[in-house]
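Have a look at the structure below before the remarks.
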Amino acid sequence: MTDQNEKPARRVLVVDTATSAVVTGVALVSAAGTVTTLAERIVADQRRHAEVLTTLMRDGLSEAGVAGTDLDAVVVGTGPGPFTGLRVGMATGTAYADALGIPAYGVCTLDAIDAAQPVGEPGPRLVLTDARRREVYWAVYDAGRRIAGPDVNAPDALVGELAGTELVTAVGETRFTERFGFVGADLVTPTVASLASIAAEQVLAARPAEPLAPLYLRRPDAVELKDQKRKSLLPAAPND
């Protein structure tokens, strides 16, 4: 007999554009919190996030056999990520949720990348993504719990900062992980299942959603260039 108080399974649209890839699809979150991927699209094209996202969302819904009106929530990766790409996913996910009158829940993209990894050897695991400008976004996890970060640093500076941490592995592109003595991959992204799993408790409880807060960790290039130009127009300070 089914428990009358048991929460029904929830259908969730998932969106993340915080990495060099667009990740989107549909997941089913069971009453027990188990996540099943109904459809998934991962396309590595960081220059065309805005162009491909809505098409991939539509294709994912079609493959899953789920109409927009069937959805219970939207889960959105909030970064950290470069300003333009991250903004595309957050704005699109929020607008879609608003149009349907359903909540949008934010998830740290690095948390979801960690959640997508095999359990592996116990101990601290470093997760890295490309922050451009020769920097990386990073966080350290132990048994699924974030113990440091998220933050942004140059890889060599991060090596020094984590010198006292005995990492068991590093997850990221090889050009970054090799600085820490580990082999990485060509592309590292969260998955539809890992993003949905981080938000599963909120989704099942149907908690009121708070405004999504992007993890930029630094100002956009346009602002910094504008500040630099303004400073260049100021009169030079007199010599002491």
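The values are calculated or read from the model by the stated rules, or taken from the named source; none is laboratory data. Computed from a predicted model, the values in this text were never measured in an experiment. Reconstructed Cβ throughout: ideal geometry from the backbone, glycine too, with neighbour counts over all protein chains shown. SASA here: full protein model, heavy atoms, side chains in, ligands and nucleic acids out. Shrake-Rupley method; radii C 1.70, N 1.55, O 1.52, S 1.80 Å.
Size descriptor for segment 64-181, Kirkwood hydrodynamic radius: 15.7 Å (Cα pairs only, one decimal). Rounded to the nearest Hz, the phi-derived 3J(HN,Hα) couplings of segment 77-93 under the Karplus curve 6.51 cos²θ - 1.76 cosθ + 1.60 (θ = phi - 60°) are x, 9, x, x, x, x, 3, 5, x, 5, 4, 4, x, 5, 5, 5, x, where x marks glycine and proline. Each residue was assigned an accessible area with a 1.4 Å probe, and for Ile102 the value is about 30 Å². A straight line joining the Cα centroids of segment 127-142 and segment 60-75 runs 31 Å.
Here the Karplus relation 6.51 cos²θ - 1.76 cosθ + 1.60, evaluated at θ = phi - 60°, turns the backbone of segment 184-201 into coupling constants of x, 9, 6, 9, 10, 9, x, 10, 4, 5, 5, 5, 5, 5, 5, 9, 4, 4 Hz, with x for every Gly and Pro. Rounded to the nearest 20 debye, the dipole magnitude of segment 75-156 is 180 debye, with +1 charges on Lys and Arg beta carbons, -1 on Asp and Glu beta carbons, and the Cα centre as origin. The gain in end-to-end length when the Ala143 to Val183 segment is fully stretched comes to 12.3 nm, 0.36 nm per residue minus the alpha carbon separation. Working note: 222 nm ellipticity from helices only, DSSP H runs with n ≥ 4, each -39,500 (n - 2.57), summed and divided by the residues of the chain, gives -9500 deg cm²/dmol to the nearest 500.
Scanning residues 5 or more positions from Val75 or on other chains, those with amide H under 5 Å from its amide H are Leu13, Val14, Val15, Tyr105, with H placed 1.01 Å from N in the peptide plane.
Among beta bridges from DSSP that stay inside segment 1-144, the antiparallel ones total about 75%.
You can think of it this way: the chain between Asp45 and Glu161 has 38.6 nm of extra reach, that is 0.36 nm per residue less the Cα-Cα gap. The packing ranking of peptides 16-26, 157-167, highest mean first, is 16-26, 157-167, where packing means the average number of other beta carbon atoms within 10 angstrom of each residue. With contacts taken as Cα pairs under 8 Å at a separation of at least 6 residues, the chain carries a relative contact order of 22 percent. Annotation for segment 21-52: trypsin sites (Lys or Arg not before Pro) lying in DSSP loop with at most 14 further Cβ atoms inside 10 Å of their Cβ are Arg47, Arg48.
Using Cβ point charges alone (K and R +1, D and E -1), the dipole size of the chain about the Cα centre works out to roughly 720 debye.
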